[in-house]
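These notes are about the structure you will find just below.
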Amino acid sequence: MMMKLLLVLLSPVFAYIPPTRMILQRTAENSGSGIYAIEQEVQFNNVHDSLFLRETWLVENDRTMRVTVSGTKDLKDQIKLQFIYAGGQRWSQNLNRESRRISEEFIERYFNFRSTEHLAANLMQNKILPPNAFAKKPLPKNLDTLKYEPDEFVRLSRTGGVANYAFGVPTPAEGTPNPGLWIEQDQFLIRKLRLPSQVEVTADNYTQYARGLNYPKVRTVRWGQNTVTIRLIGINARPAAANVSQFQPSSLDTSTKLDGLLNQPAREAVIEFYSRFR
């Protein structure tokens, strides 16, 4: 009897992995709907001290956002940044209004994908999913030969103390870590992301907010010798009619100011962070 029970517990059915489209769809559904205002604190750590910045985001989806960044305490008026993300461009205001293509390392989009197709396309672009990830599998001619075959690019893995669907090619015992995405098995929440450039993001302490949004209270970004901690302060749903104009480049009202970074040990990390990941 004990042996039969053991065989049942070890049966492959208990390691069932849903189709990739379903996993990504459930994940996108956790990004809510409508416009959200998000306040968060960004901490840059170094051996001497920590530098704190305040970010105020207005988010409609993964492609349409606005962020205003300011220093805290004595640096409140010494550090100012503002970006609008629209039409595939990131807009900012210096002497003149400027734009550039949104960085491929723009990490904020991963927690705001509302579209399964957009999420999948981004994962394909970053070589986490193969180009044929959504290809339909041919049906067997005989139903007797029908068998469960999970996608070869997704597996079960543990990270953050929970079971996850891990997408991407497993990293060999020795070698550079491969890009990947880890989505919590039961809740369909992004818990870890690694891009081809080796930047790594972990997300913890998710909380549910209005209109079906699930968002992490703590995220950690690591690249090279740098570690940045992003702590959520608050989230509020906003009416679209009153806020949609804020995504127009013409609404930029804050010019870039970095005077407060002049003698800061974290200066290079801050500049790289907002150049690459924002």
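Take the conditions (1) under 30 Å from residue 155 (Cβ atoms); (2) surrounded by fewer than 19 Cβ atoms within 10 Å (Cβ to Cβ); residue 48 misses just one of them, which is (1). Condition check: surrounded by 17 or more Cβ atoms within 10 Å (Cβ to Cβ) and under 17 Å from residue 52 (Cβ atoms). Does residue 230 satisfy that? Criteria met by residue 230.
Check whether at least one residue in the range 56-71 is more than 19 Å from the chain's Cα centre (by Cα) and on the phi < 0 side of the Ramachandran plot, and report yes or no. Please lay out each step first, then the result.
If we filter the range 56-71 for residues that are more than 19 Å from the chain's Cα centre (by Cα), which is where we start, we get 70-71.
Those still in the list that are on the phi < 0 side of the Ramachandran plot too: 70-71.
Within the range 56-71, one or more residues are more than 19 Å from the chain's Cα centre (by Cα) and on the phi < 0 side of the Ramachandran plot.
Scanning the range 165-205 for residues that are under 19 Å from residue 23 (Cβ atoms), surrounded by fewer than 19 Cβ atoms within 10 Å (Cβ to Cβ) and either among the acidic types (Asp, Glu) or in contact (Cβ under 8 Å) with a residue 60 or more places away in the chain (or both) returns 186, 187.
Might you check whether a residue that is part of a loop (DSSP other than H, G, I, E, B), without any contact (Cβ under 8 Å) to a residue 60 or more places away in the chain, over 18 Å from residue 255 (Cβ atoms) and of a type in the set (Ser, Thr, Tyr) occurs anywhere in the range 71-82? Taking every residue of the range 71-82 in turn, at least one turns out to be part of a loop (DSSP other than H, G, I, E, B), without any contact (Cβ under 8 Å) to a residue 60 or more places away in the chain, over 18 Å from residue 255 (Cβ atoms) and of a type in the set (Ser, Thr, Tyr). Taking the criterion of being farther than 22 Å from residue 72 by Cβ, surrounded by fewer than 14 Cβ atoms within 10 Å (Cβ to Cβ) and not polar (S, T, N, Q), the residues of the range 233-265 that qualify are 239, 240, 241, 242.
For the range 98-108, indicate whether the set of residues that are closer than 26 Å to residue 171 by Cα, modelled with pLDDT of 95 or more and touching a strand residue (DSSP E or B) at 6+ places or on another chain (Cβ under 6 Å) is non-empty. Within the range 98-108, one or more residues are closer than 26 Å to residue 171 by Cα, modelled with pLDDT of 95 or more and touching a strand residue (DSSP E or B) at 6+ places or on another chain (Cβ under 6 Å).
The values are calculated or read from the model by the stated rules, or taken from the named source; none is laboratory data. Quick caveat, the model's predicted, so the values are computed rather than measured. Cβ sites come from the backbone with ideal geometry, for glycine too, and all protein chains shown count toward neighbours.
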